[in-house]
Structure formats: C-alpha cells, structure tokens
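Take a look at the structure set out below.
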Ligand SMILES: [Zn+2]
C-alpha cells in the first residue's frame, strides 16, 4: 500500500505544472495588460477579427486611386484556408470580401448577440470552410499573438481553512472526483491537461469554468476608475472609454461562481486586496477535441441528458474552506466551456436544429439558466447550412432576427476556379492548355452558376451588342470580370465613367443570389478531369477548338447547362484577343525594324538597281533590287499603288534626301538621320500602314501560313528568308510578350490560320 501511495505521489509530482504553466498573479497580469492592452483586452469577437486579419493580411487594391472604389479587394486566403489544412478550401473574391465585412463589424462597433450562419449549396465546401476556419482560430488563439488570460482562483488554505486536512492524498482524491463526477466528459478524463481542478499543497485551485478574463473580477462599479488609472492616456484608453467596441469591458459580469467566490472571500477576509491575492491568471487554452474554447456539434451528436456540469469534490472543498455550503455553487453548463470562445453547428439539421432553438434563447437574452442560476454567455456562434434547411428557420421571425446569414456559394471568380484545378490536379496542368483556354474552361463552368439576367449590368451598359467582340449578350463575361476584381479595359469611356460606386455595389450584390445552381464544385472537378484525361497530350495542347468540341460534341449534356450563346461568345472573344496578340507581336517586331528599313531605303535610293552596297547608317549589306525597294514601299505607299506613282515617290524622296536631309540637316546641322524631317515623315507613314496592314502576310501570303505550320521542322528552312524571319519573330514575340511556349505559339498561329480569324475580324 505504501508503494502504491509513493507511486501516486511521484505521479502527482511529475504532473505538477502541466496546465499551470504561465499562471501568474493578478498583479503580474495587470502589468501585461498595461503593456499590451490591445492584445489582452479582447473578447472573442475581437480575437476572431484579429485572427482573420493576421492570416489574410491587408489585401491588395488593384485600383488604389479609384474614387468610386467600394473596397472590393483581393486577399490571399492561402494561409487561412489552404496551408496545413487536411482539405483545402478555396474562397473566391466575393466570399472573402463578405467574410471581411463580417469580421470588420467585430471591431470598431458594439457586438450584437447573434449567430452567423454560412448558407450554401451542397458541394460548395462549407464544412471544410468551417473546419479550416476553426483550426486556424485555435492555432492563433493558442499562439503568443492570440493569447488571452482567464481567471483561476487559488484559495489559500492557511488563510481560509481552520480545520485540519482530512481529505486524504490529493491524487486519489482527484481520481475519485473524476470517477464520481459523471458529468465530466469522456475526453477530459484522459486529458494530460486536465483543466477542471487542481489541488496544490497550500491551496485549492478553482478555475473559472466560463474562462472569464481576470479584469472582470474588478467589481463593475469600480472598473471605469480602475482602468482609467491603469492605462496610459493614449489612443487605446480613448477607444476604451468612448468606443462602442469596448462596451463589454464595463458591462460584462463575471460568472456566478467568480461573483460568489469574490463575495464570500471578501466576507471572510474583509480586505479586497487579500481577495485579489487569490486571483490568478493563466492562458486560455483552446482545444476543440476537448470542447474547451471551441466546440463543433454535428447533426448526429446527441443532446446531452445532463446539461448541468458540476464537480462535487471541488464543491466540497470550496464549501469547507468557506465554511458555508451554499455561498458558492460550482455548477455550470456546457456553454460555459465555450464562453469567450466559439460554439459552432455543422449543418442545421437533426439534433442541431434543437441546438439552434436553444441557442436562440441564449442569444436573445445573453444568459442561460443553469438550475436557478443565470449564466452569462458571450460566445461567437457560427454555423453552416444548406439552403433547403433554411426554410425551417426563415419561418420563425424571432429566430431569423438573431441570425446573420452569410452566403457561401460555388466559386464565381475564374481566378479562384483555376486555382482549384491547379491545386487538385497539379501546378503543371496549365502547360497543356494554350494561354487563356484554361481560364475559359473556368468561365464556362462559372457561366452555369450565374443568373440568366443581370438588371444591374443592363441598366449600366444598355445595349450589350456594342461589346460583342468582347462579351456575351447576357454580359456574363463582364460580370465574371467584375467579380474577379477587374474592370475590363474594353469598356468605352462613358461606361467606364458611369461605373459608379453605387452601380458597383448593385453588381456585387447580385452575387448574393448566384452560385447556388449550375455545376457544383465537385461537378467541375469531374468535368475537368474528363477533359484533361481525354485531350491533354504532350504533342498537342488543349485549344479553344478542343474546349468547344468537348462541350458540344463529347459531352453535349453538359453543354445544355451553359447559357445559350455563351460558348460562341466566349470563342469570339478569345479569337479577337488572340488576333490582337498576333497583331501586336507582328507590329512590335517591325517597330524595331522600321528604323533600319527606312535608313536602308533612303540610302539605297541613291544607287542604281542591281548594285550592291553597304549602308553607311545601318552597316547592312544591301542588294538593291526592284523587289527590295518595293518591299519597303509597300509599307509607305500600300501594296496596290501604281507603278508610275512608285517612280514618282522614289524621285521626290531622293530629291528631298539629297537637297535637304543629307546636305542640310545631317551635314550642316549635324542631326542624326533618325531625327530628320524626311525620316520622321516616312516613319509615320510606315507605322500607320503597319498597324493597318499588319495582318497582310496572313491574308495575302499563303506561304506565310504554310511556314507557320512548318515552324521548327526541317521544311521550314526551305521558305523564303524574309518569311522565315517574320515567322520566327512572331513566335518569339508571342513567347516574350504573352507567355506562350514555342509549341503553344505555333499551335495558336495554326489556330488563327485554320479558323480564318483574319477574315472573321476584317473590317
Ligand atoms: Zn468565472
């Protein structure tokens, strides 16, 4: 028996300290609070706000100077929802801004009692969202930045207990207490961090089951004066005194256990400072698995039969120390354990419906009756639900008043949608799509989720037809762009100017009723997988042709869910953009070449055709032939010019060059040829014609098209040198400027040729 007792004592010794680390005196606590009030004076709403901001950062506004901004900005949600998560959740820009608005309401204003319910269709990932959110909350709340202190009483036996110790060895006591106490949840019994009670040698430790902040122990009527004395005269003190956000500091009562303990001790000791010596502070440790600070109920979790928790052993000790069995009643409810923490319902159905109804009373009154005792409950109440479960709630007026619904829908922003595919199927997937085609796949998926009509966009834009090169009739593409935070550059000036903050809010507000239908998140992954596994090949990329054929021929049943005409519009927009890329890539190559061409031309005009000369400006070796001259003249005069006009133009230009440019400007005035009047004039003609005629090689030269197809192969070298150069430059520019791979650029050019895009958009 002695051996067992010794073993138990050793065990107690080894366990001492666990859970009490970081326990400090009330005075030490006040020093901490004074040093860092912003951290230590926080209720759960404020901590939640700080947590979200810590993980999301300040966000990025792509239009910082925009006077009509509605602060609809981009946040990187990876740290909050993706990193270290069992399953990642992807929040689009709409949802993230919604979450930010909700969270920002938690600082800077008084807290209303309510429950926040995230309402979204099956397959939108809302359970994953809630799990990841709570995981990060716990991580933050247990970190130094998120730490808050809770009250733990250390009742000093030497001051209180007149009777000799009769209770036997403490550890056995404790075990007995746990066994006796049926209400202690199963999980707690095995916890190394047993939070309910601790009997030290010289004191009985009584933790506040409601996790009350120690400064709530200062009697309410003395708190204003006390805190005024405690804090420096700074911004925090001003906010504390005048800001609604800190009302709770002056309004909140400590739990009945703390209240009655304080009174009983004061009665016995007579001196408040002696009472405060028994108040200690320790970090509030959150543990979802134990239901401490964070609790999540599933619809299948039974409602406990015993809603009142107590601890007879600790009760006996308190009563014996205070020499009165009725002064302090150590009873509380399960809500106490998430007081100052988060109480969450995963889906409002099954038993969670009953829980929601019970919560309603608590939220309305802010208190909860435990037998005859009123318990204060200040928790953050969260839940997720399916829209169909919503009907039961919406019917009950008093309940819905206390609920703030936050819409959580299928992703409506193509950037986020693409990010999901990359995360699930691998970063490399983009390599097997031509640029913008993967994004277009995401747009097709999203189009099925949008409302058919957009009154907000129609009243702003008027006739959608004017943007038919860039957008579909129903303006879905415009909407997606705005949902992703981009104001399209193709809007005309007037529409751009009229895109006021008021209009923006109306457009964004339409998202509240969208994203509940169409392809779900899971559908989208299945469809993507089908497309990718069927068509992505190392030797041929997925093009717009592949995409359109997939939705019209391979899986026509999917095509039916896409708004009418959307695919055609998307394809037209894609074609138009692609053609712009080709134009720019051809033009930019020429711009660097224009100057050389003009200098060579001016130099060559002074020689007889059929001779060879080295240009003194460019040092190019020139074969001065009729073809050489007219090749450049095509850009200066156009291709259809009469032969007589050519000769005339050559003579005029040569005369001007010798009489003015060379003899006056260059030789007398010392001007560089590229600065001369004649050069400037020819340059303007050249640029103008290039912009107009940049696609002529495509239109008028069948060899050019064939050479594009042969690019990179052996036969390519059999083409005319000029064509080889043009094609090579075009491909190189597409790679440099628009992010194509060489193979991609080639395939895109073939797409342009095969689809006759130059003619589709010829004006
Ligand atoms: Zn308390």
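Throughout, read-outs are computed from the coordinates displayed, never taken from laboratory work. Just so we're clear, the structure is a prediction, and the values are computed from it rather than from any experiment. Note that we place each Cβ from the backbone using ideal geometry, even for glycine, and neighbour counts take in every protein chain shown.
Annotations for the structure displayed:
- Spacing of the modelled spin labels on residue 236 and residue 221, each 7 Å from Cα toward Cβ, amounts to 2.9 nm.
- The length gained on full extension between residue 724 and residue 431, counted as 0.36 nm times the residue separation minus their Cα-Cα distance, comes to 102.9 nm.
- Once the Cβ-Cβ distance of residue 74 and residue 25 is raised to the sixth power relative to R0 = 60 Å, the FRET efficiency obtained is 0.80.
- Cα gyration tensor shape for the range 358-478, rounded if a/c is under 1.5, else prolate or oblate: oblate
- Rounded to 10°, Cα long-axis angle of helix 126-141 versus longest principal axis of the chain: 60 degrees
- Segment residue 580-residue 647, length gained on full extension (0.36 nm per residue, minus Cα span): 20.6 nm
- Fraction of beta bridges assigned by DSSP in the chain that are antiparallel (%, nearest 5): 60 percent
- Percent of Cα pairs exceeding the 23 Å cut-off, where the set is the range 230-325: 55 percent
- From its DSSP helices (H runs of at least four residues, each -39,500 (n - 2.57)), the chain gives a residue-normalised ellipticity at 222 nm of -15000 deg cm²/dmol.
- Put simply, the Cα atoms of the range 640-763 extend 52, 32, 30 Å along their principal axes, the longest span coming first.
- Between 0 and 90 degrees, the angle of helix 501-510 with respect to the longest Cα principal axis of the chain falls at about 70 degrees.
- Pair-distance distribution of the range 695-763: all C-alpha pairs, bin width 5 Å, starting at 0; shares per bin in whole percent are 3, 18, 29, 26, 18, 5, 1, 0.
- Cα shape, the range 31-149, gyration tensor, a/c 1.5 rule: oblate
- Remark on the range 91-165: ratio of C-alpha radius of gyration to 2.2 N^0.38 Å is 1.85.
- Globularity index of the range 578-693 is 1.08 (Cα radius of gyration / 2.2 N^0.38 Å, N = number of residues).
- For the range 414-576, the equivalent ellipsoid derived from the Cα gyration tensor has semi-axes of 28, 16, 15 Å, listed largest first.
- Highest average packing first - 55-63, 272-280, Cβ atoms within 10 Å: 272-280, 55-63
- Potential extension, residue 38-residue 85 segment - 0.36 nm per residue separation minus Cα distance: 14.0 nm
- Packing-based order for 659-670, 243-254, using average beta carbon neighbours within 10 Å, highest first: 243-254, 659-670
- Cut-off 20 Å, label 7 Å out along Cα→Cβ of residue 62, residues of the range 501-519 by amide N: 501-512
- Sorted peptide list for 402-408, 368-374, 98-104, 146-152, criterion being average Cβ within 10 angstrom, highest first: 146-152, 402-408, 98-104, 368-374
- The calculated pair-distance distribution of the chain uses every alpha carbon pair, bins of 20 angstrom beginning at 0, and gives 13, 33, 24, 17, 10, 3, 0 percent.
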